[in-house]
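Below you'll find the structure, written out as structure tokens, and then a few comments.
The values are calculated or read from the model by the stated rules, or taken from the named source; none is laboratory data. From a predicted model like this one, the values you see are computed outputs, not experimental measurements. Every residue, glycine as well, gets a Cβ built from its backbone with ideal geometry; the counts of neighbours run over all protein chains shown. Accessible surface areas use protein heavy atoms only, side chains included; no ligands, DNA or RNA. Shrake-Rupley method; radii C 1.70, N 1.55, O 1.52, S 1.80 Å.
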Amino acid sequence: MSQLNTKARIGLIGLGVMGANLSLNIAEKGFPIAVFNRTGSVTDEFIAESGDLRDALVPTKTYEELVAALDSPRAVIIMVKAGGPVDAVIDALVPLLEEGDMIIDAGNADFHDTRRREAALREQGLNFIGMGVSGGEEGARHGPSIMVGGNPASYETIRDIIEAISAKHEGDPCAAHFGPDGAGHFVKTVHNGIEYADMQMIAEIYGLLRDGAHQAPDEIGALFERWNKGPLNSYLVEISGKVLQAYDPATGKPMVEVIVDKAGQKGTGRWTAIEALTLGQSPSTIEAAVAARSWSSEKETRLVGAEIFGTEPEFRPTLPKESDFEEALLVAKLVAYDQGFKLLKAASDHYDWGLDLARAAEVWREGCIIRSALLDDMAAAIRSGLPQDQLIFSPDFIAHVKGGLSALRRVVSYATSAGLPVPALSNALAYFDTMRQGRGTTDLIQAQRDFFGAHGFERTDGGEGKHGPWHA
Ligand SMILES: NC(=O)c1ccc[n+]([C@@H]2O[C@H](COP(=O)([O-])OP(=O)(O)OC[C@H]3O[C@@H](n4cnc5c(N)ncnc54)[C@H](OP(=O)(O)O)[C@@H]3O)[C@@H](O)[C@H]2O)c1
């Protein structure tokens with residue numbers, strides 16, 4: 001069975017895309033690893049293709065063999081489909097483990113599940129780590145961004161492995177322990193929420209350039225490639241530039257033109273929005289991105305709507321300058337990150353996690369999907385203290401916001417007049433305008449509530465009486 005004389009330092013269950021690549025990454029960094037997959041033939045194929053790393057891998061065909069191959073205290077990473085499969089694997093493993101052993105769920109778990117699993121395993125003397133891993137297939141193989149939650153003492157026993165396999169930013173590992181139980185998986189969930197918003201905003205700008213400026217996909221791709229050399233430098237802008245300049249080998253058409261414009265939103269984006277609402281937050285750019293994916297799935301309805309109403313606008317507004325689109329995207333993106341960090345802070349306060357938000361920004365600088373040149377400055381701004389927990393109020397970002405605000409207004413007004421939907425960009429603007437409006441319109445809401453339900457209100461002058469004269 002084993003190619004090793006000594007036992008493996010760590011085990012991994014689930015040799016799907018992520019598990020296989022993470023195992024090779026761990027083996028490459030010099031840590032012997034025992035692997036197991038429910039379907040044994042997958043393990044055989046994985047080992048057959050492992051090349052030079054074969055000697056650091058211990059293939060196993062049963063849970064018993066896997067556990068027997070591990071050094072004590074045992075540490076086993078689970079990298080299977082999130083939800084029920086994770087519970088099934090835990091149920092199979094637990095009877096074979098001993099007090100002090102550790103299970104690490106490295107999938108995209110709902111952090112509520114992680115909290116539940118951590119508490120249940122703790123009762124049985126076992127450690128449970130919830131570990132968010134971002135970076136897709138490439139990241140898992142060569143350096144993902146890793147967000148850990150769970151007992152800090154048990155994390156210390158595997159920290160050397162996790163830091164070794166993670167991406168690095170100027171030598172600093174993009175891996176950190178964020179707090180107990182579900183803290184790591186929550187940071188990963190919010191990462192994915194920001195990812196939804198960032199992707200949606202880039203797609204909205206693409207839509208305006210395609211349907212408003214009538215640019216071809218490869219022109220837009222080349223523009224994104226240029227933007228990627230400036231302040232918008234980020235993985236998502238980079239890959240969008242590449243995608244838009246790719247052609248379908250079968251038809252010769254631009255690749256995006258042969259892709260159906262429908263997407264699902266079952267996972268982490270939706271969880272971010274749901275948890276935010278539960279915590280009394282409303283990250284409007286993330287909510288808009290989740291909504292946009294839902295709307296996109298109603299393709300048939302949209303086609304009927306286009307038949308009834310047409311897609312031509314009532315009048316033709318003036319197209320903003322190309323640089324306006326770039327500046328608008330930058331400001332809107334800052335708002336999306338602002339909302340993400342604010343949500344992390346709210347969850348940290350609620351669950352008493354003590355999340356280090358600056359560290360989250362640092363861990364996202366490399367390896368993950370939302371990596372971006374801005375994150376280093378964001379980390380510094382957060383460390384200096386954010387007024388009202390708002391990134392966009394930070395002295396480091398006020399100039400950026402002021403500089404791009406009129407461009408965002410021009411782009412959103414253009415889109416609105418041209419009949420082109422920009423839910424995330426317009427929600428970024430609505431949020432900004434609300435957060436800088438000292439006196440809003442909720443005085444009337446409170447009066448309405450008092451009128452129909454005698455709910456009462458607070459007076460601006462602090463005076464007596466908390467009801468209006470309507471029923472006098
Ligand atoms: N793909 C990505 O880019 C990415 C990025 C970050 C995080 N993630 C997360 O990482 C996790 C793994 O994702 P993935 O894309 O590699 O693979 P996946 O398709 O989510 O899962 C495939 C693996 O799960 C195993 N599995 C499914 N049900 C099982 C069960 N009941 N008992 C035991 N094993 C079971 C499969 O075994 P069999 O071979 O026997 O079917 C296979 O090894 C997920 O939580 C995913 O959300 C994925």
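The single residue among Val335, Val304 that is β-branched (Val, Ile, Thr), surrounded by 20 or more Cβ atoms within 10 Å (Cβ to Cβ) and assigned by TED's automatic domain parsing to the domain that holds Leu232 turns out to be Val335. For segment 11-36, give me each residue that is in contact with a helix residue (DSSP H, G or I) (Cβ under 7 Å, 6 or more places away or on another chain), farther than 19 Å from Ala167 by Cα and open to solvent by 20 Å² or more (accessible area, probe 1.4 Å). Hit for segment 11-36 is Pro32, nothing else.
For segment 384-393, does any single residue satisfy the condition of being open to solvent by 60 Å² or more (accessible area, probe 1.4 Å), in a helix (DSSP H, G or I), touching a Pro at 6+ places or on another chain (Cβ under 6 Å) and over 26 Å from Phe111 (Cα atoms)? Within segment 384-393 (the criterion being open to solvent by 60 Å² or more (accessible area, probe 1.4 Å), in a helix (DSSP H, G or I), touching a Pro at 6+ places or on another chain (Cβ under 6 Å) and over 26 Å from Phe111 (Cα atoms)), the answer is yes, since at least one residue qualifies. The set of residues from segment 207-232 being open to solvent by less than 60 Å² (accessible area, probe 1.4 Å) and touching a residue at least 40 places away in the same chain (Cβ under 8 Å) comprises Gly207, Leu208, Leu209, Gly212, Ala213, Pro217, Leu223, Trp227, Gly230, Leu232.
Residues that are over 30 Å from Arg302 (Cβ atoms) and either under 26 Å from the mean Cα position of the chain (by Cα) or not small (Gly, Ala, Ser) (or both) within segment 400-421 comprise His400, Val401, Lys402, Gly404, Leu405, listed in sequence order. Among the residues of segment 142-164, what is the count of those that are under 20 Å from the mean Cα position of the chain (by Cα) and either among the hydrophobic types (A, V, I, L, M, F, W, C) or more than 16 Å from the ligand (Cβ to nearest atom) (or both)? Number satisfying all stated conditions: 5. Out of the residues in segment 107-120 that are open to solvent by less than 60 Å² (accessible area, probe 1.4 Å) and in contact with a helix residue (DSSP H, G or I) (Cβ under 7 Å, 6 or more places away or on another chain), state the one that is nearest to the ligand (Cβ to nearest atom). If we take residues in segment 107-120 being open to solvent by less than 60 Å² (accessible area, probe 1.4 Å) and in contact with a helix residue (DSSP H, G or I) (Cβ under 7 Å, 6 or more places away or on another chain), then Gly107 is nearest to the ligand (Cβ to nearest atom). In summary, Ala373 fulfils each of the numbered conditions (1) modelled with pLDDT of 95 or more; (2) surrounded by fewer than 18 Cβ atoms within 10 Å (Cβ to Cβ); (3) on the phi < 0 side of the Ramachandran plot with the single exception of condition (1). Among the residues of segment 425-469, the ones that are more than 25 Å from Ala332 (Cα to Cα) and either in a helix (DSSP H, G or I) or among the hydrophobic types (A, V, I, L, M, F, W, C) (or both) come to 14 in all. Within the set Trp364, Trp295, the sole residue that is of a type in the set (Phe, Trp, Tyr) and under 24 Å from Gly139 (Cβ atoms) turns out to be Trp364. Beta carbons closer than 8 Å, at least 6 apart along the sequence or on distinct chains, pair a first residue in segment 118-142 that is free of Cβ contacts under 8 Å to residues at least 60 places away in the same chain and assigned by TED's automatic domain parsing to the domain that holds Ala175 with a second that is open to solvent by 50 Å² or more (accessible area, probe 1.4 Å) and within 16 Å of the ligand (Cβ to nearest atom) for Gly132/Asn108. In summary, Gly125 fulfils each of the numbered conditions (1) under 24 Å from Ser348 (Cα atoms); (2) away from the ligand (no atom under 16 Å from the Cβ); (3) small (Gly, Ala, Ser) with the single exception of condition (1).
Note on segment 245-268: residues that are outside any helix (DSSP H, G or I), under 19 Å from Trp295 (Cα atoms) and among the aliphatic types (A, V, I, L, M) amount to 3. If the condition is being touching a Leu at 6+ places or on another chain (Cβ under 7 Å) and either open to solvent by less than 10 Å² (accessible area, probe 1.4 Å) or of a type in the set (Gly, Ala, Ser) (or both), then segment 86-101 contributes only Asp101. Where helices (runs of 4 or more DSSP H) sit wholly within segment 269-383, those with at least 3 residues that are closer than 24 Å to Phe432 by Cβ and in contact with a Gly (Cβ under 8 Å, 6 or more places away or on another chain) occupy 284-296, 322-351. From the list Arg459, Arg436, Arg449, the lone residue that is among the basic types (Lys, Arg) and under 26 Å from Gly340 (Cβ atoms) is Arg436.
Pairs linking a residue in segment 369-386 that is assigned by TED's automatic domain parsing to the domain that holds Ala399 to a residue that is among the basic types (Lys, Arg), with Cβ atoms under 7 Å and 6 or more positions apart or on different chains, are Arg371/Arg365; Leu375/Arg365; Asp376/Arg365. Per the listing Ala8, Ala75, the residue uniquely under 25 Å from Glu163 (Cα atoms), away from the ligand (no atom under 16 Å from the Cβ) and either in contact with a Leu (Cβ under 6 Å, 6 or more places away or on another chain) or among the aromatic types (Phe, Trp, Tyr) (or both) is Ala8.
Filtered by the rule that a residue be on the phi > 0 side of the Ramachandran plot and either without any contact (Cβ under 8 Å) to a residue 24 or more places away in the chain or within 13 Å of the ligand (Cβ to nearest atom) (or both), segment 11-60 gives Gly14, Gly51.
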